[in-house]
Each structure stands twice: as structure tokens, then as C-alpha cells.
Amino acid sequence: MQHKAARAATTPFSGYSQPGLPLRPARPRRRRRRRSPRPPQRLQIRSARVSIRVDSRERAGLGESAHRSGSPAPRCSRGCGWPGGASPQGGRERRGRAPGQSSRWPEAELAGSMAGLRIRRGSGLRLLALSALGFCLILQVSAKRPPKTPPCPPSCSCTRDTAFCVDSKAVPRNLPAEVISLTLVNAAFSEIQDGAFSHLPLLQFLLLNSNKFTLIGDNAFTGLSHLQYLFIENNDIWALSKFTFRGLKSLTHLSLANNNLQTLPRDIFRPLDILSDLDLRGNSLNCDCKVKWLVEWLAHTNTTVAPIYCASPPRFQEHKVQDLPLREFDCITTDFVLYQTLSFPAVSAEPFFYSSDLYVALAQPGASACTVLKWDYVERQLRDYDRIPAPSAVHCKPMVVDSQLYVVVAQLFGGSYIYHWDPNTTRFTKLQDIDPQRVRKPNDLEAFRIDGDWYFAVADSSKAGATSLYRWHQNGFYSHQALHPWHRDTDLEFVDGEGKPRLIVSSSSQAPVIYQWSRTQKQFVAQGEVTQVPDAQAVKHFRAGRDSYLCLSRYIGDSKILRWEGTRFSEVQALPSRGSMALQPFLVGGRRYLALGSDFSFTQIYQWDEGRQKFVRFQELAVQAPRAFCYMLAGDAQLLLAPSFKGQTLVYRHVVVDLSA
């Protein structure tokens, strides 16, 4: 022991316990890193480890008895848990010990260390116990905590699955998603937007009574596939959309009572497959064509509907809607809609068929041509086809004679001509001239057939000319008869009724003259005048039932509708028509119309009232200064052409409208 102590005192090196070995310098003392504080859980785990290490040391014989008796501590084999990895006797000494110190641990130091370990073990155990106790308390408190109150807007009273809202400024958005019943009363908004309730997909009951709602948007109730009861009563709703109730496939009860509904769109209840109860009482239903579908639906539905009554018209007032006869509803009407615009003015229009195709010949003095248009059955439009030179054309009259196409071109200046269509060259070629001494200032052309022969007549409006009749013979048209000379004739109308062909000639200087065909003389013979009209710009005729009528337009004064009484004409109706240069009666699908043009206002369309035996105003068309009206059937399209002297030529289509739709 003295030898060892002397060596330890005389040499500056330590760390070797066996003699005879070369000296080796002591290892430098390492600085211990300051460890950051660990979370409580890791500290608890470390305390547990310390307690385990202390138990192992006690099992190694380092108990309190060894410290109290003062006996030396027994040796400890490697791995027993001492600091430095060596026993206090033998082996390596504890790191960090100064030279000259004893290799054995003092008893006081050992006793202090064991006491500290016991304290740390006790603290770890207490910390574990406290943690377990706190966790149990947390579980107990959370188990006794009452359920969280669902969100509810300030204007509402809510439970877990119901909400009752008063004076809301909008449909509440922050309601519990589990709400199945919602009531809105005295709301401060007037319109229900699309998808207003889509955030409440489980809703089964919705009451919107006693509000100021005036409008419910399309798809307002979309997303409510579970809704069964919907009440919209005592509001100011005057109309609903066809798609208002779309998506309500589970709705069984619907009430629209006590609103201002005057009509309902067709098939508004179609999406409601299982609707069992409907209430429409207290509304101001107007029982016109808009309600006809409802009468039909009520007669076939299985839905229970409370009795509802008409508020108007007077003939149905206070009548039960369920009892209205369908025959009382006349809901089919018609309309003329703009179909095509031809970007040029024209003064006449004449449709004709040739080789199974439909054409229209238009006189265009501004373009110095007779323009021929062809109907395109694919694009369903009139397309340019050909042009005939005509510097001052006033009328272009097509005629198909013996499968050959001819066009009579009447001009104010430069003479009038007849053109022939050559199918080999696919062009119009001039066939012959019309005698300029007879026809000086043509204004109208009329073509017709009598006893198998073709004729055309030219109305001459000059002082020195005469209205003339031409007849087809073999290879051309030849002058046949001079009619009504020097009277400024303006229009011609051929009438073939009761087997007696007649030609009516109107004039701006005298009353219209009626000519009747004489089969013995092969000429027209003057029969009389239409004395009820002192002058007329245009004359047309039509038949309604067994009666024949004349329509005469006047530039100054009222236009007249006259009926033939067997020996004379009697006036039936006068139509205001200042500045009128053209009128045309025409028949479309059993409906009779009259187009009356004017240079000072828009064109008026009248419809024939069979019961009153008069024309009633039907529609106004934006056609200025028309010079003719022409009706033609193009496939399934019923068209009205309106050539205008001051603007574009317009094509209108006749359409049928069901007002109950």
C-alpha cells in the first residue's frame, strides 16, 4: 500500500493499477454538457430507471447496513451499474479523480450517494402516482361534462334537431347540421335565393309562414331530398318558377295558401312524385289559358287538393277550378316572327315552283334587276339564284307554261320584256318585247288561265296608256285586248268564282271597274263599278264560307272591306289606313289574315273573326312603306314576304303558340 501510494504521489500520471507497466498520461477531464430540461414524461421514465439501478445496487450488497457498520464495500463486477463502469476496488479508478486520492470510495460518500438515490427513487414514484391520479381525475371530469350546446343564430331558438327563427335577415347558415325542422317567421328579407337551404340536407319539415316573401328562385329547395312537409303561407308571392320544387322527391305535403298567386306554370308539380296533400286556397287565380293545364292535372291526379276558386275573369269568378270545362279555354294563338332579312329594297314579290323547287322573283329598281331567289331546303333560307337586268323594274311576274319558265318584266322606263329560262345554258334570255305604245307606265301584272289558255294583264298608270291583256300562242305572248284606257290604273285582281272569271281593275282616279269574261267573245266585258270606293290603290279578294269579299286600300281615307250580295257589293268594315299602298288577305292553316301596309306607320296584321264577320287587329310588323305582301309555303315553314320600298325586305314566319304552355 505504501509502494502504491508513493508511486501515486511521485508521478503526475495515474490511471494504471498494476506495477511494471509503462506510464501513460492521464486522460484529460471532459466537460460535461449541460442537458436541456426534459419533459415531465421523460423525467418520470428516468426516475424509474434510477430506482431500478438503486435496487440493483442494493441487491449487490450496498444497502444501508453496509454504510452503518462501516465495513468496506464488497467488490463489484463489471456491469453492476457504478459510474465509470468499474468497481471502487481494483480496475480503473473513477474518472475525474485527482492524483493521490484513494481508489476506494469513502463510506460517507457511499452513504450520501445511496441516500440521494433513495430520495430520487421516492420522488419518481410519487410523480408517477400523481400523474396516474391526475389522468383518472381528467377522465372522471370529462365523463361528467354536459354535452356541448349546438350553434344557434341570435334570432333563433334551437335544440339539437329543431330551429325556430324570428326576424331573421337571411336564411340562417350556422345551424346544427342535424336540424330536421326549421321555422322562419316574420323574416326581414323578401327573396329566397337558389340553394338557400342546401346546408341543411337532413331537413324534413320547413315552415315559411307569415313572412314578406315575394320571390322564390329556381332550385330554391335543392338539396332537400328528405323534406316531407313544406308550408309557404301568408306571403306576397305572385308567381313561381317551373323549377321551384325541383329535387323534392320526398315531399308529401305542400301548402301555398293565402298568397297572391294568379297563375301557376305548367308542370310545376311534376317533380313531386309522392305528393299527397296540396293547398292552394286564398290565392287570386286568373282562370285563363295559363290555368288550363291545372284543370287537366286536377282531373287526373291522386293528390288531395282543397277546393280552389277563380278570381277572374268575370265569367269564371267564384267558380271552382276543378269544375271548369276544358272546352271553355281557347288557348291556341299564332304569331308572326321575323325569320329572314334580305338586305335590299323591293317593290314586288312573286313565288313560283319550277322543276319541283321553290323560287321567288323580286323587282328591285334600286339594283336595276329582277332578282330570283331559291329556297334552300337544307339551310331553310332563301338564297340568290339569278338576276335579270331591269333598270326600272316595278314588277316581275313568273309564269310556267307547258313546263317552260317565263318572266314578264314590267319597267317604268325603257320598255317591258319577256324572258325565257334556258335549261341548257341555265340562264334567262330575252324572248320578246311588250308593245311600248300600249304599255307606257306599267304598275302591276296579273297572270291567270281561262279555259286552258294562259293570259297576263298589265295595269298601266299613265294618262296615254291602257291596261292591256296578252295571250300565249305557240311560241310567244301576243296582244289580245285593250282594257280601260287613260284612267291611271294601279292594280289588277283576277277572280274565278261561280264559273264566271272576272277581272277587277283599280284606279287612283275613279272607282274600281269589274270585267267579266265572255266565252263567246273570248274577251272581258265591263260589268260595273264598285261605287262604294271613289278610288283605290290596290284591290284583292277572298272567300269566307260561301261569301265573297273585296279588300280595297286607299292612300287617303279608310280602306274598305266589301261583301258581294249577289248583284252588288255592300260595305262590311272600314280600316284606318292613311298612306296605304298595299294590302293582302291570305289564309294560313285555316286562319285568315289581312296585311295592311302604310307609308306613314308600321304594317298592321288583322285576323278574321268568324263570329263577328270582321277583321280584328292582331299584330303590328315593323315594315315601312311596303309595296306588296306575299304568302308562301316553304316545306313546313309558313312565310310572309314584305317587300319594302324604303328599307330591307323582311321575311316573317307564322308560328302557332299554345298559351296554356
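The values are calculated or read from the model by the stated rules, or taken from the named source; none is laboratory data. This is a predicted model, so every value here is computed, not measured. When we count neighbours, we look across all protein chains shown, and the Cβ atoms used for this are built from the backbone with ideal geometry, even at glycine.
Across segment 553-576, not a single residue is classified as assigned by TED's automatic domain parsing to the domain that holds L640, modelled with pLDDT of 95 or more, within 41 Å of the chain's Cα centre (by Cα) and of a type in the set (V, I, T).
With respect to (1) assigned to a loop (DSSP other than H, G, I, E, B); (2) over 18 Å from D161 (Cβ atoms), the lone exception for L254 is condition (1).
Scanning segment 499-521 for residues that are farther than 16 Å from E446 by Cβ and within 55 Å of the chain's Cα centre (by Cα) returns a single hit, S508.
Only one of the numbered conditions (1) touching a strand residue (DSSP E or B) at 6+ places or on another chain (Cβ under 7 Å); (2) among the aromatic types (F, W, Y); (3) modelled with pLDDT under 95 is violated by Y229, and that is (3). The set of residues in segment 592-635 being among the charged types (D, E, K, R) and closer than 27 Å to E446 by Cα consists of R592, D599, R627.
Just one of the numbered conditions (1) free of Cβ contacts under 8 Å to residues at least 60 places away in the same chain; (2) over 24 Å from L175 (Cα atoms); (3) not in a helix (DSSP H, G or I) is not true of R266: (1).
Checking S155, S181 one by one, the residue that is closer than 27 Å to I216 by Cα, more than 34 Å from the chain's Cα centre (by Cα) and modelled with pLDDT of 60 or more is S155 and no other. Restricting segment 297-321 to residues that are in contact with a Ser or Thr (Cβ under 9 Å, 6 or more places away or on another chain) and of a type in the set (S, T, Y), the residue that is surrounded by the fewest Cβ atoms within 10 Å (Cβ to Cβ) is T304.
H487: under 26 Å from A536 (Cβ atoms) and part of a loop (DSSP other than H, G, I, E, B), yes or no? The answer is yes for H487. Only one entry in Y631, Y593 is among the hydroxyl-bearing types (S, T, Y), in a strand (DSSP E or B) and crowded, with 20+ Cβ neighbours inside 10 Å, namely Y593. Screening S580, S570 for residues that are outside any strand (DSSP E or B) and touching a strand residue (DSSP E or B) at 6+ places or on another chain (Cβ under 8 Å) leaves exactly one candidate, S580. Of the residues making up segment 499-558, those that are charged (D, E, K, R) and either closer than 17 Å to A466 by Cα or not in a loop (DSSP other than H, G, I, E, B) (or both) are K500, R502, E529, K540, R543, D547.
Any residue in segment 474-496 that is surrounded by fewer than 17 Cβ atoms within 10 Å (Cβ to Cβ) and of a type in the set (K, R)? Looking for residues that are surrounded by fewer than 17 Cβ atoms within 10 Å (Cβ to Cβ) and of a type in the set (K, R), one finds none in segment 474-496, hence no.
Would you be able to say whether some residue in segment 273-281 is within 27 Å of N211 (Cα to Cα), part of a loop (DSSP other than H, G, I, E, B) and in contact with a His (Cβ under 9 Å, 6 or more places away or on another chain)? Within segment 273-281, one or more residues are within 27 Å of N211 (Cα to Cα), part of a loop (DSSP other than H, G, I, E, B) and in contact with a His (Cβ under 9 Å, 6 or more places away or on another chain).
When V295 is tested against the conditions (1) in a helix (DSSP H, G or I); (2) closer than 26 Å to N209 by Cβ, the lone failure is (2). The residue that is farthest from L251 (Cα to Cα), among those in segment 309-327 that are outside any helix (DSSP H, G or I) and touching an Asp or Glu at 6+ places or on another chain (Cβ under 9 Å), is P313.
Of the strands (runs of 3 or more DSSP E) lying entirely inside segment 406-456, those carrying at least 1 residues that are surrounded by fewer than 16 Cβ atoms within 10 Å (Cβ to Cβ), under 51 Å from the mean Cα position of the chain (by Cα) and in contact (Cβ under 8 Å) with a residue 40 or more places away in the chain are 427-434.
Filtered by the rule that a residue be exposed (fewer than 12 other Cβ atoms within 10 Å of the Cβ), under 32 Å from the mean Cα position of the chain (by Cα) and farther than 30 Å from A582 by Cβ, segment 322-351 gives L326, D330. All of Q638, Q613 fail the test of being closer than 30 Å to K290 by Cβ, more than 29 Å from the chain's Cα centre (by Cα) and in contact (Cβ under 8 Å) with a residue 40 or more places away in the chain, apart from Q613.
Quick check: anything in segment 637-650 aromatic (F, W, Y), out of contact with any strand residue (DSSP E or B) (no Cβ under 6 Å at 6 or more places or on another chain) and under 21 Å from Q364 (Cα atoms)? Checked segment 637-650: at least one residue is aromatic (F, W, Y), out of contact with any strand residue (DSSP E or B) (no Cβ under 6 Å at 6 or more places or on another chain) and under 21 Å from Q364 (Cα atoms).
Restricting S518, S507 to those that are buried (at least 22 other Cβ atoms within 10 Å of the Cβ) and free of Cβ contacts under 8 Å to residues at least 60 places away in the same chain reduces the list to S507.
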